[in-house]
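Q: Before we start, here is the structure in question, set down as C-alpha cells.
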Amino acid sequence: MSYTGKSLTKVLLWFVGLLMAAIALWQFCLFVVFKDAQGVRDVQGGALNLWLAIGATAIACACVFVGILRHINQPEEFHITS
C-alpha cells in the first residue's frame, strides 16, 4: 500500500473513532438525563440511548485497536551510514 493510502486510512480511523466517541458520550448523556412525559426522571427509560452509546463505544474501541495493530505491524527501516 502506498504512503498516501496508509495516511488516508489512518485519518479515516481517527475520524471515525473520534466521531463514534463523541456520539457515545452524547447518547450516554441522553440516557442519564432521560425524562418521561411529565418531566420526571425515568430510571427505566432511555434504554435505546444506552444501547446506542454501548455500540458507538465498541466501534470507537475497534478503531483504536485497528490503529494500534497497524502501527505495531509496520516494518522498521534501519539506515546504516558510515
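None of the figures in this text is laboratory data; all of them are computed from the coordinates on show. Here the structure is a predicted model, which is why all the values come from computation and not from measurement. In this analysis, Cβ positions are derived from the backbone assuming ideal geometry, glycine residues included, and neighbour counts consider all displayed protein chains.
Q: What is the distance, in nm, between label points placed 7 Å from the Cα along the Cα-to-Cβ direction at ILE54 and at GLN38?
A: Inter-label distance under the simple model: 2.9 nm.
Q: Starting from the exponent 0.38 and prefactor 2.2 Å, build the expected Rg for the range 23-74 from its residue count and divide its actual Cα Rg by it. Don't skip to the end; give the middle numbers.
A: Working: Rg = 15.9 Å, N = 52, 2.2 N^0.38 = 9.9 Å.
Rounded to two decimals, the normalised Rg is 1.61.
Q: Using 0.36 nm per residue of separation minus the Cα-Cα distance, give me the extension gain between TRP14 and ALA62 in nm, one decimal. Before the final figure, lay out each step's value.
A: On the way: separation 48, 0.36 × 48 = 17.28 nm, distance 1.12 nm.
Gain on stretching TRP14 to ALA62: 16.2 nm.
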